[in-house]
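Remarks on the structure that follows.
The values are calculated or read from the model by the stated rules, or taken from the named source; none is laboratory data. Everything numeric here is computed off the predicted structure, so don't read it as measured data. Neighbour counts run over all protein chains shown; Cβ positions are idealised from the backbone, glycine included.
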Amino acid sequence: MMKKLISTFSKVPLNLVIIIIALIWILPSVGLLVTSFRPSADVAASGWWTIFEHPFNFTWHTLENYQEVIVKIGIGKAFLNSLLITIPATIIPILIASFAAYAFAWMEFPGRRLLFIILVGLLVVPLQMTMIPVLRIFNKLGMAGTFPGIWLAHTGYGLPLIIYLLYNFISGLPSELFDSSSIDGATSFQIFFKVVIPLSVPALASVTIFQFLWVWNDLLVALVYLGGTPAVAPLTVRISALVGSYGQDWELLTAAAFVSMVLPLVLFLGLQRYFVRGILAGSVKG
Amino acid sequence: MRTRKITPWLYITPAVFLLTFFLIYPSIYTTYISLFNYNSEKFVGIKNYLYCFTNEIMLTSFRNNALWVIVFVPLTVFLGLIIAVLVDRVKYESIIKSLIFMPMAISFVGAGVIWKFVYDYRPASAAQTGILNAIRAALNLEPLPWLIQKPWLNNLGLIIVGVWIWTGFCMVILSASYKSIPRELLEAARVDGANEFKIFWKIILPLMKPTLAVVATTMIINVLKVFDIVYVMTNGNFNTEVIANRMYKEMFIFRNYGRASAIAVILLVLIIPMIIINIQRFREQEAIR
């Protein structure tokens, strides 16, 4: 009993340190959330933390900011654009990468090893190295400022990591699977769709949320290939423009920013397991 | 497996084509046009590179990226490690880890808005609505223009935002590595009378060295490419410019494709050691397989 009491007390500093770190981490986001619901006059007059002076008084909040940014400023449209960009830009590369990862993992062909080493090198090539030539070609083909253009760009840029992660998983599947399937006379396509894909669901889930978050949160690729036209601009591009034009209207900026965070946060909280698994597979192996 | 010779190529051709079109060919072409003038019509030799290494704003960008490496990398790795080790000892570990990890899910643009508000600055006569200056006001200190004050304060302010975002990433990887250390090893050391600090320095750190190296190289690559945070929060003003933002400006604002390409090539050259490390690590893994 006494021993337990001592060990509980000796843990007080540890708990304190952890809780302080957690508070520091969460505080900036709380400020954003609270401010997005405060009337503009309040936001300009006092800090967001003052609402906690009357913790049971909820009259301070308003939905006006959200109405204004979503409808009038066009964040609703930008949200739709983000979805229209992100969904195909997630599905296409994963489809193409699954085929490639399977071939790299389980087929013999000349140049396999060299190609894969090039792929590993491409993992960290800065996108800046590619933008001017691709943009020139896009301009010639009329693909700059269009959704298909950015879908393809995100596909090309996403492939190295997706192939790499899927390869790590698929090459770890037991080899007997492939032997017994081919004895039964299955073709490689049948093995791919009936064996490899179903078994790879956990890895596919990881890369899906990876690529989804990457594309959804991307600013640079969208800026370069889509530009700032409200008809096609995603949330990140629109919000970074708002930071310039609505610099001190914090109630609007915070509401717009929160709209852009809702979907990633829901995905993150729901599928955190797969997200973590993907990160671990991508960085520490062997 | 029963496959025809052509089958593997059916599987990899779409990927190889897209990788060539979006990464390999453009990288070669960018290197080529970095030796030409702004519209790629006139050969200028190494003039664009000379510009990069003599222009004052470019030199500021190099200095700032160096500052990011020196401050950001140790901070994220160290904080990630400390948090991973500390939360391992409490029951509410997963909640805290989710909290610290959460910034990874949101965009750098969103994080930029969050932190611009934290750093908000008003004249001393007005009520401070940014939390940092409100704390200073409560302590009877003058408000600070966090994102404007040169040369260190504003750059450190931006770096802190990066740390806030990436520490969770480091923590997740380091936590997995820490948990794979056999507990008996730590218990044995405790029984032998080693204190917690000694255990940390003499046992935990050496065992986690390979993972720490992986995390640190990942962070270095991130830092060299840092763009969004700077673009959104200061756009490189007040001496906060970084290489990637400079490249964007040369490309899109000044339309100088020669200089923009030269900057991109320099960025690649800085990252090449990391590419080599990546390939070596891959080869080692393949050897183990």
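All but one of (1) crowded, with 17+ Cβ neighbours inside 10 Å; (2) modelled with pLDDT of 95 or more hold for A:LEU119; state the number of the condition that does not hold.
(2)
From B:LEU19, B:LEU75, grab the single residue that is within 14 Å of chain A (Cβ to nearest Cβ) and under 23 Å from the mean Cα position of the chain (by Cα). Please lay out each step first, then the result.
On the way: B:LEU19 fails: under 23 Å from the mean Cα position of the chain (by Cα).
Checking each option against the conditions leaves just B:LEU75.
Go through (1) within 12 Å of chain A (Cβ to nearest Cβ); (2) touching a residue at least 12 places away in the same chain (Cβ under 8 Å); (3) within 27 Å of B:ILE95 (Cα to Cα) one by one and return the number of the condition B:SER180 breaks.
Only one criterion is unmet by B:SER180, namely (2).
Against the conditions (1) more than 9 Å from chain B (Cβ to nearest Cβ); (2) surrounded by fewer than 22 Cβ atoms within 10 Å (Cβ to Cβ), where does A:PRO234 fall short? Just the number, please.
(2) is the only condition that A:PRO234 fails.
Filter the range A:237-286 down to the residues that are touching a helix residue (DSSP H, G or I) at 6+ places or on another chain (Cβ under 7 Å), assigned to a loop (DSSP other than H, G, I, E, B) and facing chain B (nearest Cβ under 9 Å) and list them by number.
Listed by number, the residues that qualify are A:VAL284, A:LYS285, A:GLY286.
Which of (1) at the interface with chain B (Cβ under 8 Å from one of its Cβ atoms); (2) farther than 30 Å from A:THR229 by Cβ is the odd one out, the single condition A:TYR157 does not satisfy?
Of the numbered conditions (1) at the interface with chain B (Cβ under 8 Å from one of its Cβ atoms); (2) farther than 30 Å from A:THR229 by Cβ, the odd one out for A:TYR157 is (2).
Residues that are free of Cβ contacts under 8 Å to residues at least 24 places away in the same chain and buried (at least 17 other Cβ atoms within 10 Å of the Cβ): which helices (runs of 4 or more DSSP H) entirely in the range B:210-289 hold 3 or more of them?
Numbers: elements: B:228-233, B:243-252, B:257-288.
Where helices (runs of 4 or more DSSP H) fall fully within the range B:210-289 and carry at least 3 residues being free of Cβ contacts under 8 Å to residues at least 24 places away in the same chain and buried (at least 17 other Cβ atoms within 10 Å of the Cβ), they are B:243-252, B:257-288.
Conditions tested, residue by residue: (1) within 7 Å of another protein chain (Cβ to nearest Cβ); (2) under 18 Å from B:LEU10 (Cα atoms); (3) of a type outside the set (Asp, Glu); (4) assigned to a helix (DSSP H, G or I).
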residue	(1), (2), (3), (4)
A:SER98	no, yes, yes, yes
A:ALA105	no, yes, yes, yes
A:PHE116	no, yes, yes, yes
A:GLY121	yes, no, yes, yes
A:ARG136	no, no, yes, yes
A:ALA144	no, no, yes, no
A:TYR164	no, no, yes, yes
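Does A:THR236 satisfy being in the same structural domain as A:LEU152 (by TED's automatic domain parsing), closer than 30 Å to A:TRP48 by Cα and at pLDDT 90 or above?
On the way: in the same structural domain as A:LEU152 (by TED's automatic domain parsing): yes; closer than 30 Å to A:TRP48 by Cα: yes; at pLDDT 90 or above: yes.
Against the criterion (in the same structural domain as A:LEU152 (by TED's automatic domain parsing), closer than 30 Å to A:TRP48 by Cα and at pLDDT 90 or above), A:THR236 qualifies.
Could you please give the count of residues in the range B:108-129 that are within 8 Å of another protein chain (Cβ to nearest Cβ) and among the charged types (D, E, K, R)?
At the first step, the residues of the range B:108-129 found to be within 8 Å of another protein chain (Cβ to nearest Cβ) are B:108-110, B:112-118, B:120, B:127-129.
Now narrow it down to the ones that are among the charged types (D, E, K, R): B:116, B:120.
Looking only at that region, the number is 2.
Select from the range B:62-89 the residues that are within 30 Å of B:ARG259 (Cα to Cα) and either in contact with a Cys (Cβ under 9 Å, 6 or more places away or on another chain) or in a loop (DSSP other than H, G, I, E, B) (or both) and list them in ascending order.
Our first condition is that a residue be within 30 Å of B:ARG259 (Cα to Cα); within the range B:62-89, this holds for B:62-73.
Across the range B:62-89, the qualifying residue is only B:PHE62.
I need every pair where a residue in the range A:210-232 that is on the phi > 0 side of the Ramachandran plot has its Cβ under 9 Å from the Cβ of a residue that is buried (at least 22 other Cβ atoms within 10 Å of the Cβ) and outside any loop (DSSP other than H, G, I, E, B), sequence separation at least 6 or different chains.
A:GLY227/A:VAL237
How many residues are touching a residue at least 60 places away in the same chain (Cβ under 8 Å) and more than 7 Å from chain A (Cβ to nearest Cβ) if we restrict to the range B:87-107?
Keep residues of the range B:87-107 that are touching a residue at least 60 places away in the same chain (Cβ under 8 Å), which gives B:87-88, B:97, B:100-104, B:107.
Now drop any that are not more than 7 Å from chain A (Cβ to nearest Cβ), which leaves B:88, B:97, B:101, B:103-104.
Looking only at that region, the number is 5.
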